[in-house]
Each structure stands twice: as structure tokens, then as C-alpha cells.
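Down below is the structure, laid out as C-alpha cells.
The values are calculated or read from the model by the stated rules, or taken from the named source; none is laboratory data. All of these numbers come straight from a predicted model, not from anything done at the bench. Cβ coordinates were reconstructed from backbone atoms using ideal geometry, including for glycine residues, and neighbour counts include every protein chain displayed. When the accessible area is computed, the model is the full protein with side chains, heavy atoms only, and any ligands, DNA or RNA have been set aside. Shrake-Rupley method; radii C 1.70, N 1.55, O 1.52, S 1.80 Å.
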Amino acid sequence: MSLTKEQILKQYYGYNAFRPLQAEIIDWVLYGQDAMVLMPTGGGKSLCFQIPALVMQGLTLVISPLISLMHDQVQALKANGIAAEYVNSSLTSQEQSTIERQCKNGELKLLYISPEKLFTQGYLDWILSLNISLFAVDESHCVSTWGHDFRPEYTKLSVLKKALPNVPMIALTATADKVTRKDILTQLGIPEAKIFISSFDRPNLSLSVQAGRNRIKIIQNFIAERPRQCGIIYCLSRKNTETVAEALRKVGINAKYYHAGMPAQERSEVQNQFIQDDIQVIVATIAFGMGIDKSNVRWVIHYSMPSNVESFYQEIGRSGRDGLKSDTLLFYTYNDLLVRKDMIADSGLPTEMKEVQVAKLERMKQYAEAEICRRRILLSYFNEEVTNDCGNCDVCKNPPIRFDATLIAQKALSAIARTGENVAMSMLIDILRGSNNRRIIEHKYHEIKTFGVGKELKADEWADYLQQMLNSGVMDIAYDEAHAYKLNNASWAILKEGRKVQLVRYRPFEEKQAEREANIPKEKSKREIIKDELFERLRVLRKQIADEKNIPPFVVFSDATLSDMAQKKPLNQLEMFNVSGVGEQKYRQFGEVFLKEIGDFLKTIPKSSATGVDTFHYTYQLYKEGLSVNEIAEQRSLNPVTIFSHLAKLYEDGEDINISAFITETEVEQIVGAAKVMNVKKGDPIKPLFEAMDAKYEYHKIRIALLIAEKNKIKRL
Ligand code: ADP
Ligand code: ZN
């Protein structure tokens, strides 16, 4: 009998639940229907075709554009015990014929193939003669000339559906606007396919922006706060990557650079070292990251501003693919903005396209200068409705202060009116601040009534407030009239009717930065310290295994799995299966080694008082090893009552303690009954109850009974 999709998820991947949309998509495909899946990077697209592949009879053909991606995915599948292979130009003919034989014999569930390979002479016919159950087109935006990564061979893929119209096709991509989306479906010959769009939000990525000064120093601190974590620093130019990497190495950071100008071999060496966790920091141009599935990239820094929000989002999206918390930092300077503008001007593109690029750059600037939740800006850029502030960006963490700026707005609007709605920002600021420069005199602006009424604010402040006013619709701007400000209905309501205007108090960048730096994370609890220590040991073990087996560490287990393991501290097979990401194959290969490491670690805990480890966990460890309360008490030279209180506390903290083994149901009933009569509440002292029941039950029993009652109450709620 074949397995259900839920069983496959658990058995092969070790995951307990599907992410949003995954189950629906899998069902749809299993129903024999065509689908298009839009999910952000790290959203979990692969399962959407891999699980159907495992449920269905026959072979799933996966079209994938990049050799490195194919290789990584097949490696990950094999590590999970799934029969998968790839064919592309990198294979020897002997390797290839072995795989072809496996295909013919029906030994494989998934075959990855590049379109180039698929369309080599005669190959397609051979492929189509196999028992194909599903076509999956990964990175399917490559089929569209509208997409940003067009590949001509992809356009021939429509022959697949024509040849085998009854085989369902699933197209997957992380980037596709509406036009591209439609184009993909037409090109692939599945115009009726159902489109599944998941949220593009990546809540685990923190967002922050800092002024681009002292960048190396800031990066140095940033990395120091994240020891052993892998990250990418994106730079604008090749030269830049080299100097930044050099500067970081000088301060003892294991950083290497990567750019398209390097010899191919050197490049792939650097990439491999990064994938194997041998180097932690890569300083790269945007050429880096395209074909990388590394799930444990923990941070991304943009040394300079990217040219548009799409690129930015894709680049930061390379961190935290495993869903664990990851950090992103963008450095922003006005100068970078000018460099970008010059690049566009010198690009040799037709004027229309230049305009589009300038407009896109402008959106990026708005993100960098945001005074509202940055995630709102990102998601609204992708046309996604956002109802709440995210709480995980620097603006949310350090909310801007609003004030009544009606007077400020009136001064500006009045000046705009009196100049005949003819001036742009810099001229308007000069008028408001009463600057007597040549341009002002030429236009006789020094004679108008509002000249100099805004002296009290600095030019930077005015610029900030005018930008805010514009963004909030207090006035308009005419891009086609040299960016002159224009009044609108809101403007007149403010001028004539005194409608109120709120703005965010201006803060120079230095001040904002100082505040952000003051936002030091709170101290860790003992439990967290233990968890981190164990995580670290598991990480080292993972690296050892990865090196021995010559596979990337994240293929052994993801950071998310190690973290869950360090949290749950499993001590036997059953508990290990409870860890997210431990499937049967992974358990067979690595389960016992990791169990041993955890056991060994827990044994060290009571001895290492320096780590501030608590007595409870020593008790817990012994309990998990199967010792009775008396045995634990003996081993620890403590009173059994103390051990009972440890276990009660551990139970209260949510640890897996079978507390009902220490008390009978009747005892619970009697104690809880008495507590009700006496109206004992949570946290009340136990002594009165103990006395009221004539010392019939020991303290620890009373405590346990009350805990059980409390938990049952919560369960019933
Ligand atoms: P994408 O292809 O959309 O970039 P992946 O398919 O590589 O994303 O998935 C990203 C990560 O999330 C992988 O490590 C994957 O194993 C993990 N993942 C996917 N689905 C689940 C799930 N239901 N539960 C836990 N982890 C999942
Ligand atoms: Zn936010």
C-alpha cells in the first residue's frame, strides 16, 4: 500500500506539518491537474512536486536550469533516502548510462534534467518513452522573456505537454509579476493551470538600515555578535568585494570575495568552501548566490544599495531559508544613490527603460528612508496587503515619534502656492529658509510673503518633512515639470480649513544609529545558554560528518533541525523522531551519533557550574535515562522530595514528564476537591491545604495534583 502525503512528510523529511498551501498543491497535482506555484525563496516549493513524485507510480521529470541547483537538490533527496538522479552535461557517459538504465527499470522517483540536455538530439523521444507521472518546471520564470532570467531553451518545453497531455505539469517560481505569470503558463502550454500564490512575507528575516559610514567597523561588530554564523555581503563592484574582504581579513574575519571576473575554478572553490562552512563570510557581487541552496545563511548585508526592490528581496531572501531567525542590514548613503543613478544614465538603454529603472530605484530609496514598518513597504511593493506592523524591523523596534506639523505644512504649502506651483524641493527649501541666492533673486522669490518663514528648521529637516508630506499625499509632484510641487485638495484643506497634519519627528541618521545600537538584546536565560551550547556541539559534529561524507553540513541536518534538537534534547529514538527534520533515512545514518552527543553533553552539565547550568536538568537527564525518583535522589545525594519538586517544576515548564505516574487519580480528585472547597488559587501557599487535609498528603503530592488540575483546565479551554 502506498503512503499518504502526511506519512511521506514525516517518514522521508521528518517534518510534522505542511506549510501553507503545500498540502493543497500536492492534492491538486495528485488529482492530475496542472499547477503554478509562486512562493518566495525558502518557501518550500520543492516538496510540492517531490511528494507527489513519491506518491505516484512512475517517474517525475524535473526541469531545472542550473547544474549546481540540480546537484544540491538531488543530494538532499538522496540524504532523505529518496531515489533521485540528474542528467546534464557534467556527467560522464558511463554515469549517464547507469542512470538511464535505472530510469528504464523504474528504479528512480525523480529525474532532474537541464533543458539543454533534454533537447539534445534524440534524447527527448527517449525520455518521453519512460513512464512519466509528472513534469515539474523549476525556476519557470526562465521561460519568459518578461522574466529577469530568460533562457531560450525553456521556450521549447511546451512540447512536453503536447506529447503527453495527460501528465500533469507543475511550474514553480519565486519571482513572477502578473504579466510574466501569464506568459509562463502560455509558453509551457498549460494556460488553464491553477495558480497558487503564497505570501511573500519572510517573517524570520529581520530588516534594518544604517547610514553608510564606518561600514567596516559596523560589519565587524555585526559579525562579532554572530560568531560562527555564515553570511553574505553584497557589494556594487568587483573591486569593492576585494577591498572589503581584505579589510575584514585584516581584523581577523574569515572572509573571501567572489565575483564574475575571477577564474571559474577559483570561484567554485570559494563557493564550495562557503557551502561546506569552511569560510563564514563571502563578499560578493550579485553574481553570487544564484545557484545556491545553502539553507544556513544566517545574515545578508548590502554594502551598497541595490538597484531595485526585487533584487534586494531576492538577495536578502538567500538568508534564513530554513525558517530560522536571520538578519539583514542595508547600508544607505546619498552617494550610493547617485552612483546608481549614473549607472542608469550611462547604461545605454532606451529612455523608456531608463525611466523605469529610475522609478524602481526610487522605491528602493523609499525603503531605505522609511519611517513606517519596512516590511509593509516591501510587501506592498509586491502588491500584498499588510494589516500589521511586523515588529521585526528597525522602525518597528524603534518607532518614530509623531508630532503636530500643521504649521510646518502650512508654511510649505503656502510657499508653493505663492510661487505659482513652480518650484521643486531645493528651491522651496531655500525660500522657506530665506536664502538669498542668485536663483531666488532672479525669480523675485525673496519678495513673497512666505520668504524665510521656515528659518528655524535646517535644510535637511525640511527635505525630510517635504518628503514625508509628499509620501502622505499632502501635496503632489509633477515629474514632467522638473519635479515642481503641486497643490491638491488635501493641500487646500490644510491651508484654508486648518486640517491637521502629523509628521514624524526628524532625526539625523547618527542619532537613529545611536538609538539602534542602544537596543541591546536582553540577557539570555540559563536554558537558552544550555541550548546554545548544545547547538554548538551539534554543529561541530555535523561539520565532522559532512567532511567525512563530503556533503554540505546543511544536507546532514539544517540549522533548524539542530536548533530543534538542542531544544528538545532527545535521548532515545522515539524522542529523536520528534525533532523536525529527522526522517527515517537521516535517523538511520546519523541518529545514534547525535543521540550520543546529546547524552554526553547532558552529563557534563552539572559539573560545569561556569555555564550556570541548573540542577533541574541534571535531574531531568537522569529521569530520561529511566531512573526512579529514589535512584535519582541517591545518585545526586538529594532528598527524594527535592527530586519530586524538580520533576514538578520541569513538568510545569512543559518538559516531557509522566507526572501522573507519581499520584493516583483518586488522590488527585481528593486534593483538587479540597483545594476547591478552600478556594485555593494558582500560586497560593500549599501549607493551609496540607493542614486542612490533616497532613494526609505530602507537599509534593499536593503540588503535583494541583499542577495536573491546572494543565487539564488549560487543555479544556
Ligand atoms: P524553495 O524551493 O521554495 O526555495 P525549499 O523547497 O528549498 O524552498 O524549502 C526551504 C526549506 O524549508 C528546506 O530546508 C525545506 O526542507 C524546508 N521545508 C519545506 N517544507 C517544510 C515543512 N512543511 N516543514 C518544515 N520545513 C520545511
Ligand atoms: Zn516592521
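Just a few scattered comments:
- Scanning region 43-52 finds no residues that are charged (D, E, K, R), surrounded by fewer than 19 Cβ atoms within 10 Å (Cβ to Cβ) and away from ligand 2 (no atom under 16 Å from the Cβ).
- Test: residue in region 408-424 that is aliphatic (A, V, I, L, M), surrounded by fewer than 21 Cβ atoms within 10 Å (Cβ to Cβ) and in contact with a Lys or Arg (Cβ under 9 Å, 6 or more places away or on another chain): no
- Considering Val167, Val159, the condition of being of a type in the set (A, V, I, L, M), surrounded by fewer than 18 Cβ atoms within 10 Å (Cβ to Cβ) and over 20 Å from Pro306 (Cβ atoms) is satisfied by Val159 alone.
- Any hit, region 56-63, residues being in contact with an Asp or Glu (Cβ under 9 Å, 6 or more places away or on another chain), open to solvent by less than 40 Å² (accessible area, probe 1.4 Å) and among the small types (Gly, Ala, Ser): no
- Contact map, region 389-406: residues that are open to solvent by less than 40 Å² (accessible area, probe 1.4 Å) paired with residues that are within 16 Å of ligand 1 (Cβ to nearest atom) and among the polar types (S, T, N, Q), Cβ distance under 9 Å, separation 6+ or inter-chain. Pairs shown: Asn392/Asn204.
- Output for region 53-67, where each listed residue is over 30 Å from Ala287 (Cβ atoms) and either in contact with a strand residue (DSSP E or B) (Cβ under 7 Å, 6 or more places away or on another chain) or within 16 Å of ligand 2 (Cβ to nearest atom) (or both): Ala53, Met56, Gln57, Gly58, Leu59, Thr60
- The single condition among (1) exposed (fewer than 13 other Cβ atoms within 10 Å of the Cβ); (2) part of a loop (DSSP other than H, G, I, E, B) that Phe451 does not meet is (1).
- Residue match in region 311-319 (condition: away from ligand 1 (no atom under 16 Å from the Cβ) and in the same structural domain as Cys235 (by TED's automatic domain parsing)): yes
- Subset of region 422-434 (residues that are farther than 16 Å from Lys444 by Cβ and touching a residue at least 40 places away in the same chain (Cβ under 8 Å)): Ala424, Met425
- Members of region 1-15 found to be surrounded by fewer than 16 Cβ atoms within 10 Å (Cβ to Cβ) and among the charged types (D, E, K, R), listed by number: Glu6
- Scanning region 370-388 for residues that are open to solvent by less than 70 Å² (accessible area, probe 1.4 Å) and farther than 16 Å from Arg202 by Cβ yields Ala370, Glu371.
- Scanning region 462-485 for residues that are of a type outside the set (S, T, N, Q), surrounded by 18 or more Cβ atoms within 10 Å (Cβ to Cβ) and either within 15 Å of Lys411 (Cβ to Cβ) or under 35 Å from the mean Cα position of the chain (by Cα) (or both) yields a total of 8.
- Residue in region 383-405 that is among the hydroxyl-bearing types (Ser, Thr, Tyr) and within 16 Å of ligand 2 (Cβ to nearest atom) present: yes
- Qualifying residue in region 181-196 (condition: crowded, with 19+ Cβ neighbours inside 10 Å, among the β-branched types (Val, Ile, Thr), closer than 30 Å to Val143 by Cβ and at pLDDT 90 or above): yes
- Matching strands (runs of 3 or more DSSP E) fully within region 208-285 where at least 1 residues are among the aromatic types (Phe, Trp, Tyr) and over 28 Å from Ala370 (Cβ atoms): 255-258
- Filter result for Leu413 (of a type in the set (A, V, I, L, M), more than 14 Å from ligand 2 (Cβ to nearest atom), at pLDDT 85 or above and in contact with a helix residue (DSSP H, G or I) (Cβ under 7 Å, 6 or more places away or on another chain)): yes
- Of the residues in region 204-215, none is at pLDDT 95 or above, open to solvent by 60 Å² or more (accessible area, probe 1.4 Å) and out of contact with any strand residue (DSSP E or B) (no Cβ under 7 Å at 6 or more places or on another chain).
- Lys549 vs. criteria within 23 Å of Asn296 (Cβ to Cβ), under 32 Å from the mean Cα position of the chain (by Cα) and modelled with pLDDT of 95 or more: no
- Extreme residue, nearest to ligand 2 (Cβ to nearest atom), among residues of region 100-121 that are open to solvent by 50 Å² or more (accessible area, probe 1.4 Å) and free of Cβ contacts under 8 Å to residues at least 24 places away in the same chain: Thr120
- Test: residue in region 329-336 that is part of a strand (DSSP E or B) and within 16 Å of ligand 2 (Cβ to nearest atom): yes
- First in region 40-51 and polar (S, T, N, Q), second anywhere and more than 6 Å from ligand 1 (Cβ to nearest atom) and modelled with pLDDT under 95, Cβ under 7 Å, 6 or more apart: Thr41/Ala174; Thr41/Gln314; Thr41/Gly317; Thr41/Arg318; Ser46/Gln73
- Count of region 677-708 residues which are within 17 Å of Leu647 (Cβ to Cβ) and hydrophobic (A, V, I, L, M, F, W, C): 7
- Those residues of region 14-38 which are part of a helix (DSSP H, G or I) and away from ligand 1 (no atom under 14 Å from the Cβ), in sequence order: Asp27, Trp28, Val29, Leu30
Table: residues versus (1) open to solvent by 30 Å² or more (accessible area, probe 1.4 Å); (2) without any contact (Cβ under 8 Å) to a residue 24 or more places away in the chain; (3) within 16 Å of ligand 2 (Cβ to nearest atom).
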position	(1), (2), (3)
Ala17	yes, yes, no
Ala23	no, yes, no
Val37	no, no, no
Leu69	no, no, no
Gly81	yes, no, no
Thr98	yes, yes, no
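- Filter result for the condition that a residue is in contact with a helix residue (DSSP H, G or I) (Cβ under 7 Å, 6 or more places away or on another chain) and either charged (D, E, K, R) or not assigned by TED's automatic domain parsing to the domain that holds Arg181 (or both), over Lys104, Lys109: Lys109
- Between Glu584, Glu592, the distinction of being within 27 Å of Lys5 (Cβ to Cβ) and open to solvent by 30 Å² or more (accessible area, probe 1.4 Å) belongs to Glu584 only.
- Taking the criterion of being surrounded by 11 or more Cβ atoms within 10 Å (Cβ to Cβ) and not hydrophobic (A, V, I, L, M, F, W, C), the residues of region 439-448 that qualify are Arg439, His443, Tyr445, His446.
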